[in-house]
Amino acid sequence: MTHETQTARPLTAKRIAALSGTARIPGDKSISHRAFLFGGLASGTTRVTGLLEGEDVIATGRAMSAMGARIAKDGDSYLVEGVGNGCLMEPETALDFGNAGTGARLTMGLVGPYDFGATFVGDASLSKRPMGRVLDPLREMGVQVVARSRDRLPLSIHGPKVAAPIEYRVPMASAQVKSAVLLAALNTPGITTVVEPIMTRDHTEKMLEGFGASIEVETDKDGVRHIRLEGQGNLKGVGHFEVPGDPSSAAFPIVAAVIVPGSEVTIENVLMNPTRTGLIETLLEMGASIEITHRRKSGGEDVADLIVRHSELAGVEVPASRAPSMIDEYPALAVAAAFAKGQTVMRGLDELRVKESDRLAAVAAGLAANGVAHEEGEDWLVVTGDPDGRGYGGGTVETHLDHRIAMSFLVLGLACEKGVTVDDGRMIATSFPEFVGLVQALGGSIEGVSG
Ligand code: S3P
């Protein structure tokens, strides 16, 4: 799970042909984490199909197993037998979340109110990421925290005898923070309220309701959401839970098909929850040919298949208010913007600074290494595109243990005659282990670099 001790695996992508064919997208990472967390907590059994078998999600499954859940693979599905709400067991060893911020932060919330100790560790990237955003509300609920370096992993937490319910206004647009407080509320008496001024992905609210939690959401006249959860109720396994395909993974073949001339690719099973579709909306505004077909329901969510064709793009201003619905997709959008006529302006990007890497800096450096004109600000990025971007490329991109930086710049390479190299492709396995094979099956060239 932790890649620091192994050798980096550079990869190079090159332009060889148009992309064509059909790609099925693996399960959504956010929903897969929650399927293990909620299935592992609820009493009874949940059969999870379509789960993302990425390293991040597997780490969450291991953590839940270490606290008493029983998780077994059964053919194409996972059988998750939960402990019952309030009945997690003290883990005997440290919980290792590898590269996964979502797994670490949501699990901190989940175990925070328990009157036992739990230690959280992760890789070099996760150990740099801020945990205070989750620990601060947990402290208000009575949780004690011991960290070597302030609010960074490795750290240990210990819950109080009885946790206190709080009303918490989430200070930044973060589904992880909202979710951590709601998960802490599950084992806290009384009603905990999360106030969310800017809506973020709502998988936690929807799934907790499905698992039987007593949760209600009210949106006030200013659009602020008030999410109330009554703690210490029963959660029950849902029998069967289907994980829809991940729009954040779909972003890579979508952008590849849009920028590689002559391409036409069908991408199946993409989650279309409006809190996740900002990239598709933006690409459509830029003039991308994306047909949304076969809309249906899966796991209580809207999903669809997308037919994506090479398109002439025009730069747009992406409103800051759209950032939460495409927060993980800006690196891929920056690559699409490199092929658009004119400027694409992206604002409200402050949260990109605290992802698996400082993504704003990593994207800017990757664009610079490959000849793409751009300007980086504190929380904004402007890319000036060249519709005939064949001359881009030839650079090596530093990925800083960030899967989305690696995949985005490999996608850039698919449209450049000189190709693009990323210094390390190992992290791709955290969210999209099938990525290289899937691109190759569509006719794209991605190869390991020897030496
Ligand atoms: C996630 C929320 C987002 C996102 C991450 C997954 C989640 O993080 O970037 O990949 O599953 O709740 P933030 O809450 O930090 O914005």
Exercise for review: Would you check if ALA362 is outside any loop (DSSP other than H, G, I, E, B) and farther than 24 Å from PRO130 by Cα?
Suggested key: no
Scanning the range 246-295 residue by residue, those away from the ligand (no atom under 16 Å from the Cβ) and among the small types (Gly, Ala, Ser) turn out to be ALA256, ALA257, GLY262, SER263, GLY287, ALA288, SER289
Counting only residues in the range 165-188 that are open to solvent by 40 Å² or more (accessible area, probe 1.4 Å) and assigned to a loop (DSSP other than H, G, I, E, B), the one nearest to the ligand (Cβ to nearest atom) is identified as MET172
Scanning the range 343-376 for residues that are open to solvent by less than 10 Å² (accessible area, probe 1.4 Å) and more than 15 Å from the ligand (Cβ to nearest atom) gives THR344, MET346, ALA364, GLY366, LEU367, ASN370, VAL372
Being surrounded by fewer than 23 Cβ atoms within 10 Å (Cβ to Cβ) and assigned to a loop (DSSP other than H, G, I, E, B) is the requirement here; does HIS400 meet it?
yes
When restricted to ALA365, ALA415, the only residue touching a residue at least 60 places away in the same chain (Cβ under 8 Å), over 22 Å from MET172 (Cβ atoms) and of a type in the set (Gly, Ala, Ser) is ALA415
Flag for VAL243 being closer than 24 Å to LYS297 by Cβ, open to solvent by less than 50 Å² (accessible area, probe 1.4 Å) and within 16 Å of the ligand (Cβ to nearest atom): yes
With criteria (1) more than 13 Å from the ligand (Cβ to nearest atom); (2) within 26 Å of the chain's Cα centre (by Cα), GLU92 comes up short on (2)
Among GLY101, GLY112, GLY61, the single one that is open to solvent by less than 30 Å² (accessible area, probe 1.4 Å) and out of contact with any strand residue (DSSP E or B) (no Cβ under 9 Å at 6 or more places or on another chain) is GLY101
Output for Cβ contacts, cut-off 7 Å, separation at least six or different chains, first residue more than 30 Å from GLU264 (Cα to Cα) in the range 23-38, second within 13 Å of the ligand (Cβ to nearest atom) and not in a helix (DSSP H, G or I), reads ALA35/VAL243
For the range 310-329, does any single residue satisfy the condition of being modelled with pLDDT under 95 and within 16 Å of the ligand (Cβ to nearest atom)?
no
When restricted to VAL181, VAL162, VAL170, VAL146, the only residue in the same structural domain as ALA118 (by TED's automatic domain parsing) and in contact with a Phe, Trp or Tyr (Cβ under 9 Å, 6 or more places away or on another chain) is VAL181
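The values are calculated or read from the model by the stated rules, or taken from the named source; none is laboratory data. Keep in mind that what you see is a predicted model, and the values were worked out from it rather than measured. All Cβ positions, even for glycine, are placed from backbone atoms using ideal geometry, and neighbour counts span all protein chains on display. What goes into the accessible areas is simple: the full protein's heavy atoms, side chains included, and nothing from ligands, DNA or RNA. Shrake-Rupley method; radii C 1.70, N 1.55, O 1.52, S 1.80 Å.
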